[in-house]
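Visitor: Take this structure first; my questions come after.
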Amino acid sequence: MYLCLYAFSKRHKYTNIANYFIFYTAAISIYCFATAMTLISTTLEQISFWNTILYIGMPTSATLGLLYVMSYLGFKLTVRRSMFILLIPFITIFMVATNHWHHLHYRVFELDPNLGAPFVYQEIGFWYMVHGVYTFASMFIAFLLLISQWKETAKVYRPQLITLMFGQLVPIVTAFLYLNGLTPAGVDPVPMILWVSSLLYLWAISTSRLFRIMPIAKDTIYNSITDGAIVLDASYRLIEFNQASKAMLPNLNKSMFGQNFVKFWNEQTGEELPFKLTTELSDVQEVKLCSEQADRVYQVRITSLEQARNSKGLLLVFTDITEIKRLQEKLEQQAYYDELTKIYNRRAFLQQSEREFQDAKETGLPFNFYGSINGYRSL
């Protein structure tokens, strides 16, 4: 529960995988709490009630753990895909809550005649086997996915990878021992041993900066650069920005994390996004931002953020080129305009004549020198 509340309170500082971790740890908290309440129950009705609550957390926690690992490794998870993966756990919750009608999850669920409350004698049904296979498969697939990424993961991220692997391995081994009768009878040891993986997660959060898009050592550099830097996730949602970005967009704040950047830009500037969110730009983009103090011109560079071959989002870097543009305009004014009359000078006239001469050659029309003279005089 502490892990869940801590990740929730710091969610604005973390990448999108923290959201899955919040639901994952919340499900485990329900599982552990309901298990404790089941063990102090004295009647079958109480045990049945808390067993139903237990099944809100237990089957979903394994699948949410899989979704969390997939998100960490860069799999693109849409809401529809996530709900599809969670379908079996949701059905399991319904099956347990209505088991007294159909007995598909438990064929028999009654107090143990020898041990008494809170121990229960049960015979498993068809859906219990479906649920069990799916739960084990979720944890095992998550574990295999983490192992498969070991070689492709940078050393700085490997402590995080080890933590996630043990977070999946601990409940797998414990549940295997329980189902094979190698633990005390009638007691599910899995929620009692999850403190091991919880300590590992606490260590990973505090030392290796789990959830961060970059190690904490880079934060100072990130916030000290003068260019505005904005980080978007794979769905183009705002997940990070530096101090220079706040100077560029004064209304930018942490409450806007998670917003679609296109919508955010429209709300902040009142205009459509003037560039496409893609790394395949044929030229450097320029953006003009108007403020009460002065209009500023920015050069925009977009870079893809990747980890283990999976796209993780985009980095937008805004470089202030206002002074450069002003200098260019000043040099152009000095180069092409007479200082006294403020009209084109001889250099501008010759360049204009050259352009018109080239146009005449390309089109085949005669070059009108006197027309150029008159045009120049009109300027």
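Visitor: Evaluate the stretch 155-165: report whether one residue or more is free of Cβ contacts under 8 Å to residues at least 24 places away in the same chain and part of a loop (DSSP other than H, G, I, E, B).
Guide: no
Visitor: Now for a separate question. Given the conditions (1) in contact with a helix residue (DSSP H, G or I) (Cβ under 6 Å, 6 or more places away or on another chain); (2) touching a residue at least 60 places away in the same chain (Cβ under 8 Å), which single one is not true for Ala26?
Guide: (2)
Visitor: Just the residues that are hydroxyl-bearing (Ser, Thr, Tyr), closer than 18 Å to Phe84 by Cα and open to solvent by 60 Å² or more (accessible area, probe 1.4 Å), please, taken from the stretch 115-144.
Guide: Let us first name the residues in the stretch 115-144 that are hydroxyl-bearing (Ser, Thr, Tyr), namely 121, 128, 134-135, 138.
With closer than 18 Å to Phe84 by Cα added as a condition, the list becomes 134-135, 138.
Residue satisfying the conditions is Tyr134 alone.
Visitor: Here is a list: Ile302, Ile324. Which entry is modelled with pLDDT of 80 or more, on the phi < 0 side of the Ramachandran plot, open to solvent by 90 Å² or more (accessible area, probe 1.4 Å) and touching a strand residue (DSSP E or B) at 6+ places or on another chain (Cβ under 9 Å)? Spell out how you get there, then give the answer.
Guide: On the way: Ile302 fails: open to solvent by 90 Å² or more (accessible area, probe 1.4 Å).
After applying the criteria, what remains is Ile324.
Visitor: Before we move on, is Ala217 modelled with pLDDT under 80, more than 30 Å from Ala137 (Cα to Cα), of a type in the set (Gly, Ala, Ser) and surrounded by fewer than 15 Cβ atoms within 10 Å (Cβ to Cβ)? Spell out how you get there, then give the answer.
Guide: Numbers: modelled with pLDDT under 80: yes; more than 30 Å from Ala137 (Cα to Cα): yes; of a type in the set (Gly, Ala, Ser): yes; surrounded by fewer than 15 Cβ atoms within 10 Å (Cβ to Cβ): yes.
When the stated conditions are applied, Ala217 passes them.
Visitor: Checking Phe21 against (1) buried (at least 19 other Cβ atoms within 10 Å of the Cβ); (2) under 30 Å from Gly116 (Cα atoms), which single condition isn't satisfied?
Guide: Here Phe21 clears every test but (2).
Visitor: Can you confirm whether the stretch 43-52 contains a residue that is of a type in the set (Phe, Trp, Tyr), at pLDDT below 90 and open to solvent by 10 Å² or more (accessible area, probe 1.4 Å)? Even if it seems obvious, please write down each step before you answer.
Guide: Within the stretch 43-52, the first condition is being of a type in the set (Phe, Trp, Tyr), and the residues that meet it are 49-50.
Next, from what is left, pick out any that are at pLDDT below 90: none.
No, the stretch 43-52 contains no residue that is of a type in the set (Phe, Trp, Tyr), at pLDDT below 90 and open to solvent by 10 Å² or more (accessible area, probe 1.4 Å).
Visitor: If you check Ala137, Ala117, Ala97, which single one turns out to be more than 30 Å from Ser41 (Cβ to Cβ) and hydrophobic (A, V, I, L, M, F, W, C)? Explain how you work it out, then say what you get.
Guide: Details: Ala117 fails: more than 30 Å from Ser41 (Cβ to Cβ); Ala97 fails: more than 30 Å from Ser41 (Cβ to Cβ).
Among Ala137, Ala117, Ala97, only Ala137 is more than 30 Å from Ser41 (Cβ to Cβ) and hydrophobic (A, V, I, L, M, F, W, C).
Visitor: Can you pull out the residues in the stretch 252-283 that are more than 25 Å from Asn19 (Cα to Cα) and either of a type in the set (S, T, N, Q) or in contact (Cβ under 8 Å) with a residue 24 or more places away in the chain (or both)?
Guide: Answer for the stretch 252-283, where residues must be more than 25 Å from Asn19 (Cα to Cα) and either of a type in the set (S, T, N, Q) or in contact (Cβ under 8 Å) with a residue 24 or more places away in the chain (or both): Asn266, Gln268, Thr269, Phe275, Thr278, Thr279, Ser282.
Visitor: Here's something else I'd like to know. Return the only residue of Ala62, Ala26 being closer than 18 Å to Tyr134 by Cβ and either at pLDDT 90 or above or open to solvent by less than 10 Å² (accessible area, probe 1.4 Å) (or both).
Guide: Working: Ala26 fails: closer than 18 Å to Tyr134 by Cβ.
Residue meeting the stated conditions: Ala62.
Visitor: Within the set of pairs 6+ apart or on separate chains, which have a first residue in the stretch 98-114 that is over 13 Å from Trp127 (Cβ atoms) and open to solvent by 40 Å² or more (accessible area, probe 1.4 Å), a second that is assigned to a strand (DSSP E or B) and of a type in the set (Phe, Trp, Tyr), and C-beta atoms under 6 Å apart?
Guide: As it stands, the answer is Glu110/Tyr121, since those pairs meet every condition given.
Visitor: Ok, one more. Give the residues of the stretch 47-62 that are in contact (Cβ under 8 Å) with a residue 24 or more places away in the chain and of a type outside the set (A, V, I, L, M), sorted by residue number. Talk me through it step by step, then tell me what you get.
Guide: Start the filter on the stretch 47-62 by keeping residues that are in contact (Cβ under 8 Å) with a residue 24 or more places away in the chain, which leaves 47-48, 51-52, 54-62.
Of everything in the stretch 47-62, those that are in contact (Cβ under 8 Å) with a residue 24 or more places away in the chain and of a type outside the set (A, V, I, L, M) turn out to be Ser48, Asn51, Thr52, Tyr55, Gly57, Pro59, Thr60, Ser61.
Visitor: Would you point out which residue out of Ile172, Ile91, Ile147 is open to solvent by less than 40 Å² (accessible area, probe 1.4 Å), free of Cβ contacts under 8 Å to residues at least 60 places away in the same chain and β-branched (Val, Ile, Thr)?
Guide: Details: Ile91 fails: open to solvent by less than 40 Å² (accessible area, probe 1.4 Å); Ile147 fails: open to solvent by less than 40 Å² (accessible area, probe 1.4 Å).
Only one candidate passes the filter, namely Ile172.
Visitor: So, in the stretch 330-342, exactly how many residues are open to solvent by less than 100 Å² (accessible area, probe 1.4 Å) and at pLDDT 75 or above?
Guide: 1
The values are calculated or read from the model by the stated rules, or taken from the named source; none is laboratory data. Predicted model, so just to flag it, every value in this text is computed and none were measured. Cβ atoms come from the backbone with ideal geometry, glycine included; neighbour counts cover every protein chain shown. Heavy atoms of the whole protein, side chains included, go into the accessibility calculation; ligands, DNA and RNA do not. Shrake-Rupley method; radii C 1.70, N 1.55, O 1.52, S 1.80 Å.
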